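The values are calculated or read from the model by the stated rules, or taken from the named source; none is laboratory data. Small disclaimer: the values here were computed from a predicted structure and weren't measured. Positions of Cβ are backbone-derived with ideal geometry, glycine not excepted, and every protein chain shown enters the neighbour counts. Note: accessible area is taken over every heavy atom of the protein model, side chains too, but ligands, DNA and RNA are not part of it. Shrake-Rupley method; radii C 1.70, N 1.55, O 1.52, S 1.80 Å.
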Amino acid sequence: MEPAVLQASDWGFIFANWQTIALGVVVTVLLTATSLTLGFALGFPSGAIEVYGEGWLAEAVSTAGVLLRGTPIVVLIVLFYFALPIPQLGSLPVVGVKVDAFVAATLALGLRSAAYQAQVFRGSIQSIGEGQLEAARSVGMTKLQAIQHVVFPQAVRRSLPGFQNEFTIVLKDTSVAFAIGLAELLTRAERLYLQPGRDTAVIEVIIAISAIYFVLTFTTNRTLDYIYSRYAIPGGNS
Amino acid sequence: MSLLRVDSVDKSYGDEPVLHDVSFGMDRQQVEVIVGPSGSGKSTLLRCVNRLTEIDSGEIYLDDEEIHGVDENELRRRVGMVFQDFNLFAHLTARGNITLGLREVLGLSKAEADAKADDYLDRVGLADQADSYPAELSGGQQQRVGIARALAMDPELILFDEPTSALDPELIGEVLTVMKDLAEEGMTMLCVTHEMGFARSAADTITFLDDGEIVERGPPEQLFENPEHERTGTFLGELTGLHQ
Ligand SMILES: Nc1ncnc2c1ncn2[C@@H]1O[C@H](COP(=O)(O)OP(=O)(O)O)[C@@H](O)[C@H]1O
Ligand SMILES: [Mg+2]
């Protein structure tokens, strides 16, 4: 077989199947968004608990983090899908992925992301001087108010560079959801060249989806860069 | 009736004693200056009064109410604090630094809080810097915002912990001027400071703290001209020499 790179007919095949790929992109983007949101919602409080908390709660958060960071993501996804009693809820409209698989993948990617985001936030929170919290408390704010209004806005700003990494990792790791039959971008693309007689299109398909992952990563990181500078504290260096 | 009464307070960090049997009282509208060598427990004493630090034994009364029976947030609303390092909220403008407490603690509306903040910024001479962020202000300006932030909460007492120690010499004056104005307006102030000019002119009482104990306490003339203890004279003499 001659090296089948960049055959016009294979590119034509990809374009003919653009809908399949587009649906894959939608699933990948959706899964990335739900996972990162869950990761943020749990990651920030966990980071704060690791800094300010004490007793069993801080202990539990820190142990959960170690377990989640130490387990391969494939194992987490398969485990959550088969071990958690997630009810079968039919399929998502349009993209046609099973809701229970999507939920399991979101939980696995989201909880693991929370464990990493907690580390990012913990570092940012610790980098904010104790004096900020004390000043807030000295006007009569509760510890929770002080964290919400003084620590959180500053810590989130300082976390953005770390969050960019985390976004890229989660985006790429959504591909692991193939393990529970969730057809995101990579899975759908692979199905294309696995069709009889289409093995000549392997490289073209891989190039095409690599380009899509690159565009997703690039535009999001640029957007985050913009947000970072847009919300930078005037005159500050963070 | 005294506004603040500190009664036989002891405080240790681990097994290192920091305050020992400290007692004194302050009336309303009084200015009390605390001096003492570094590490003598001055900051700790102030922090015990607004419970950023908890005492081991003794009692502290504000308005004849023991402060450990008062909600700590309510106590801190009533006792303002100005820090050596300013501790302005770095992500908020000068105005925002003041309105945060007004809105979250006192529950003022945005319009009320903004108006009040601008009023207090005006009082410390910073009406034109309301929209500046801390990093855009000089140290002296930051500290004046810090004072306005404390004042705006309508405290009964303000604690100052070396408010000018972190400032370049040429910026100290503007902060001391604000503090003197406050003293004249009748604000009750408990100040740790080594600015002897301020102590002489504004203080009703000076307390010399050494090694966690009050060595001597009295009106400025007495401590400067006629100290009972040699240590007091030596320490104040060194300070005065240093700062003139
Ligand atoms: N949070 C703390 N933990 C342990 N030791 C402390 C703490 N804060 C202050 N100290 C110690 O208590 C003593 C008095 O400190 P401080 O009140 O800050 O003195 P000053 O303000 O007079 O310089 C010092 O020896 C200091 O090291
Ligand atoms: Mg001190």
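Some notes on this structure:
- Residue check for B:F198: closer than 21 Å to B:R28 by Cα and open to solvent by less than 40 Å² (accessible area, probe 1.4 Å): yes
- Close pairs from the range B:176-203: first under 18 Å from B:G146 (Cα atoms), partner of a type in the set (S, T, Y) and buried (at least 21 other Cβ atoms within 10 Å of the Cβ), Cβ under 9 Å, at least 6 apart: B:L176/B:T164; B:L176/B:T193; B:M179/B:T164; B:M179/B:T193; B:T193/B:T164
- Which listed residue, of A:L107, A:L144, A:L111, is surrounded by fewer than 22 Cβ atoms within 10 Å (Cβ to Cβ), within 14 Å of chain B (Cβ to nearest Cβ) and not charged (D, E, K, R): A:L144
- Among residues of the range B:37-46, those that are more than 14 Å from chain A (Cβ to nearest Cβ) and more than 6 Å from ligand 1 (Cβ to nearest atom), counted: 2
- If the condition is being of a type in the set (A, V, I, L, M) and not in a helix (DSSP H, G or I), then the range A:93-130 contributes A:V94, A:V95, A:V97, A:I128.
- Taking the criterion of being in contact with a Lys or Arg (Cβ under 7 Å, 6 or more places away or on another chain) and small (G, A, S), the only residue of the range B:149-179 that qualifies is B:A152.
- Pairing each residue of the range B:108-135 that is more than 14 Å from B:L151 (Cβ to Cβ) and more than 12 Å from chain A (Cβ to nearest Cβ) with any residue that is part of a loop (DSSP other than H, G, I, E, B) and polar (S, T, N, Q), provided the two are 6+ apart or on different chains, yields C-beta distances under 8 Å for B:A130/B:T93.
- Residue in the range B:139-151 that is open to solvent by 20 Å² or more (accessible area, probe 1.4 Å), touching a residue at least 60 places away in the same chain (Cβ under 8 Å) and of a type in the set (A, V, I, L, M, F, W, C) present: no
- Subset of the range A:1-27 [modelled with pLDDT of 85 or more and of a type in the set (D, E, K, R)]: A:D10
- Here the condition is being under 20 Å from B:M187 (Cβ atoms) and either within 16 Å of ligand 1 (Cβ to nearest atom) or out of contact with any Lys or Arg (no Cβ under 7 Å at 6 or more places or on another chain) (or both); of B:L92, B:L126, B:L106, B:L102, it holds for B:L106 alone.
- Answer from A:G43, A:G47, A:G53, A:G24 - the residue that is crowded, with 20+ Cβ neighbours inside 10 Å and either among the aromatic types (F, W, Y) or over 18 Å from A:T106 (Cα atoms) (or both): A:G47
- Yes/no for B:E54 being at pLDDT 95 or above and at the interface with chain A (Cβ under 8 Å from one of its Cβ atoms): no
- Some residue of the range B:70-77 being away from ligand 1 (no atom under 16 Å from the Cβ) and more than 14 Å from chain A (Cβ to nearest Cβ): no
- Across the range B:29-43, not a single residue is classified as over 17 Å from the mean Cα position of the chain (by Cα), at positive phi and away from ligand 2 (no atom under 14 Å from the Cβ).
- Residue check for A:F82: surrounded by fewer than 14 Cβ atoms within 10 Å (Cβ to Cβ), out of contact with any Pro (no Cβ under 8 Å at 6 or more places or on another chain) and part of a helix (DSSP H, G or I): yes
- Matching helices (runs of 4 or more DSSP H) fully within the range B:126-244 where at least 2 residues are under 27 Å from B:D64 (Cβ atoms): B:139-152, B:169-184
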